[in-house]
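Note sheet for the following structure.
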Amino acid sequence: MTQGICGSVEPSWSGGSISKSDPSRVELVVVANRLPVKQSMSLGDDEWRPSPGGLVSALTSTLQCRNGLWIGWPGVAEHREPPLTYKGIRLKSVDISQAEYEDFYLGFSNATLWPLYHDAIRAPTFRRAWWQAYRNVNMRFATAAAETIAPNGTVWIHDYQLQLVPNMLRELRPDVRIGFFLHIPFPPSELFMQLPRRREILAGLLGADLVGFQVPNAASNFTRVARRLLGATGVSSTLDYDGRTVDVGAFPITVDTTRIIAKASDPRIRERAREIRRNLGNPEIVLLGVDRLDYTKGIEQRIKALTELYADGTLRSGQHVVVQVAVPSRESDAHYDLERHNLEQVVSAMNGEYGRVGSPAIHYLHQNLPFDELMALYLAADIMLVTPFRDGMNLVAKEYVTCRTDLTGKLVLSEFAGAASEMRGAFMVNPHDLDAIKETIRLAMNTGSKEARDRMVRMRHKTLRRDVHDWAHSFLEALQPNES
Ligand code: F6P
């Protein structure tokens, strides 16, 4: 049992069943593409485990405090019955068929919207047939929320897979307060205008009372196209549309700072960090990358830059070592498969050319690591490399900075990550410019400990001011109706 943020005691994991409470009593419903639990895919393991990612830790305590419910998809078409609760939070599962998985998830969500919203780093694919599945699945989520929420309750909808849900839900349940938060970037109008169903998407989002984004730039991209395409009026933080007022704002997500700081001072994790360095051959500098294996993350470009740094003698095997963790993601998508293939080629080329027996130039892990192991890696790393081509926020950057309680460590950060606007102490880089990546890594390597410490202090000062619970509270507070 742990103490929850609302003063209550959080029950620990409950995989079993509880009696169903009166659904009309649900005051707060979270709607997200995925449930907070996922079915373990390991052979012989039929457990449901907490889904990875920041959203679960962000919303768990808020939902516990408010007797809330989480609506989501179990993550696979064929699944066993998910548990009825997770840490005391009621769960409601929405099923997606295999055909919908292909058209809604792989298709419209991840082959149209995902690349388009990430600066069209890969050409977005537009297929008319995918739209119907996107609508159908969104309607299923909206209906599930409408059936569950109490009169005048609050529904908080998450992310690009569910952009039609706000307006669908408004039509089904005009009494409820509806919030929507986009975790990924919202593109500039030049890109958004390419989207064949752009008006429907905007009208879907404008069904909310509050539309939240990671950074102010994304919010203004949205208000611009809402004015232009749907004739919404108003200032940047408030739009008038269809006889209603829609608030728009930036709510930068962050990490569970208390949990991470506790991990960073855990003697077992600190010892594991020392062990990792010993296993790496006690190099002078450990350079670390931790990313979901996604073409938006710039991993291949980064490894190419590191390879050139080995080639010109800036990096030397034995003295320096690179560790790259690539967390498996969307593996049934051909783009991701190709990305993995390309990445593994550059990794093996680097090792083939610059590794030595017993001291490879790069250690590459294509694995989902436990959180504690990730923390130990962060503690073991002298330089953290976070160079996405585009990222809504990037929590790896924030996790690294949060766990460096001794104020050591350096962060190389893409200008195109949402986190960049909050991390002025980072070594900023344009991830599209290979020479700039090399130059910035060189600069980070050569920066002395005093300046590095000053930079870390600045980054921590900003990052530690708010934690993920503050993020959830600030969004929900802004969603409350104005008293005036
Ligand atoms: O960053 C957006 C996001 O949808 C996250 O919510 C999620 O953890 C990640 O991408 C992976 O997405 P998927 O649910 O497709 O595996």
Worksheet item: Restricting attention to the stretch 49-66, does a residue exist that is within 16 Å of the ligand (Cβ to nearest atom), over 30 Å from Gln480 (Cβ atoms) and either touching a residue at least 60 places away in the same chain (Cβ under 8 Å) or of a type in the set (Phe, Trp, Tyr) (or both)?
Response: yes
Practice prompt. Being surrounded by 21 or more Cβ atoms within 10 Å (Cβ to Cβ) and within 17 Å of Tyr400 (Cβ to Cβ) is the filter; apply it to the stretch 428-440 and report the residue that is farthest from the chain's Cα centre (by Cα).
Written response: Thr440
Item to complete: Only residues that are at pLDDT 95 or above and either charged (D, E, K, R) or not assigned by TED's automatic domain parsing to the domain that holds Asp406 (or both): list them for the stretch 429-462, please.
Response: Asp433, Asp435, Lys438, Glu439, Arg442, Lys450, Glu451, Arg453, Asp454, Arg455, Arg458, Arg460
Discussion item. Residue under question is Phe222, and the condition is that it be under 26 Å from the mean Cα position of the chain (by Cα), within 16 Å of the ligand (Cβ to nearest atom) and buried (at least 18 other Cβ atoms within 10 Å of the Cβ); does it hold?
Written reply: no
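Let's see how each residue does on (1) crowded, with 17+ Cβ neighbours inside 10 Å; (2) more than 26 Å from Ile253 (Cβ to Cβ):
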| position | (1), (2) |
| --- | --- |
| Glu399 | yes, no |
| Asp406 | no, no |
| Gly409 | yes, no |
| Leu413 | yes, no |
| Arg442 | no, yes |
| Arg455 | yes, no |
Worksheet, complete the sentence: Inside the stretch 191-219, the number of residues satisfying the requirement of being in a helix (DSSP H, G or I) and either more than 16 Å from the ligand (Cβ to nearest atom) or hydroxyl-bearing (Ser, Thr, Tyr) (or both) is 13
Item to complete: Out of Met375, Met384, report the one residue that is open to solvent by less than 40 Å² (accessible area, probe 1.4 Å), in a strand (DSSP E or B) and farther than 30 Å from Glu102 by Cα.
Response: Met384
Worksheet item: Yes or no: Glu477 in contact with a Pro (Cβ under 8 Å, 6 or more places away or on another chain), closer than 20 Å to Phe213 by Cβ and surrounded by fewer than 22 Cβ atoms within 10 Å (Cβ to Cβ)?
Response: no
Practice prompt. Specify which of the listed residues (Glu78, Glu102) is more than 16 Å from the ligand (Cβ to nearest atom), out of contact with any helix residue (DSSP H, G or I) (no Cβ under 7 Å at 6 or more places or on another chain) and open to solvent by 10 Å² or more (accessible area, probe 1.4 Å).
Written response: Glu78
Worksheet item: Has the stretch 174-193 got any residue that is outside the structural domain of Glu415 (by TED's automatic domain parsing), more than 24 Å from Ala250 (Cα to Cα) and free of Cβ contacts under 8 Å to residues at least 12 places away in the same chain?
Response: yes
Practice prompt. Having 2 or more residues that are touching a strand residue (DSSP E or B) at 6+ places or on another chain (Cβ under 8 Å) and aliphatic (A, V, I, L, M) is the bar; report the helices (runs of 4 or more DSSP H) wholly within the stretch 238-314 that clear it.
Written response: 299-311
Worksheet entry | Identity of the residue in the stretch 284-309, away from the ligand (no atom under 16 Å from the Cβ) and open to solvent by 10 Å² or more (accessible area, probe 1.4 Å), that ends up farthest from Ala444 (Cα to Cα) | Glu300
Worksheet entry | Some residue of the stretch 180-190 being open to solvent by less than 40 Å² (accessible area, probe 1.4 Å), out of contact with any strand residue (DSSP E or B) (no Cβ under 8 Å at 6 or more places or on another chain), part of a helix (DSSP H, G or I) and modelled with pLDDT of 95 or more | yes
Worksheet item: Regarding Glu422, is this residue under 24 Å from His118 (Cβ atoms) and at pLDDT below 95?
Response: yes
Worksheet item: Which one is farthest from the ligand (Cβ to nearest atom) among residues in the stretch 145-162 that are part of a helix (DSSP H, G or I) and open to solvent by less than 10 Å² (accessible area, probe 1.4 Å)?
Response: Thr148
Response to the item:
Taking the stretch 84-99 and keeping residues open to solvent by 10 Å² or more (accessible area, probe 1.4 Å) and part of a loop (DSSP other than H, G, I, E, B) leaves Leu84, Lys87, Gly88, Asp95, Ser97
Worksheet item: Does Val26 satisfy being modelled with pLDDT of 65 or more, more than 25 Å from the chain's Cα centre (by Cα) and more than 18 Å from His469 (Cα to Cα)?
Response: yes
Worksheet item: Listed residues Arg390, Arg404; which is over 18 Å from Val322 (Cβ atoms), in contact with a His (Cβ under 8 Å, 6 or more places away or on another chain) and assigned by TED's automatic domain parsing to the domain that holds Glu271?
Response: Arg390
Item to complete: Could you please find all residues in the stretch 163-178 being more than 16 Å from the ligand (Cβ to nearest atom) and either in a loop (DSSP other than H, G, I, E, B) or within 22 Å of Glu477 (Cβ to Cβ) (or both)?
Response: Leu164, Pro166, Leu169, Arg170, Arg173, Pro174, Asp175, Val176, Arg177, Ile178
Discussion item. If the requirement is being at pLDDT 95 or above, within 16 Å of the ligand (Cβ to nearest atom), open to solvent by 30 Å² or more (accessible area, probe 1.4 Å) and charged (D, E, K, R), which of these qualifies: Arg316, Arg330, Arg340?
Written reply: Arg340
Worksheet entry | Residues within the stretch 326-372 that are in contact (Cβ under 8 Å) with a residue 40 or more places away in the chain, over 30 Å from Tyr105 (Cα atoms) and not aromatic (Phe, Trp, Tyr), tallied | 10
Worksheet, complete the sentence: Among residues of the stretch 115-129 being more than 17 Å from Gly204 (Cα to Cα) and part of a helix (DSSP H, G or I), the residue most open to solvent (accessible area, probe 1.4 Å) is Arg128
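The values are calculated or read from the model by the stated rules, or taken from the named source; none is laboratory data. A quick note: this is a predicted structure, and the numbers were derived from the prediction, not measured. For neighbour counting, all protein chains shown are included, and Cβ atoms are generated from backbone atoms with ideal geometry for every residue, glycine included. Accessible surface areas use protein heavy atoms only, side chains included; no ligands, DNA or RNA. Shrake-Rupley method; radii C 1.70, N 1.55, O 1.52, S 1.80 Å.
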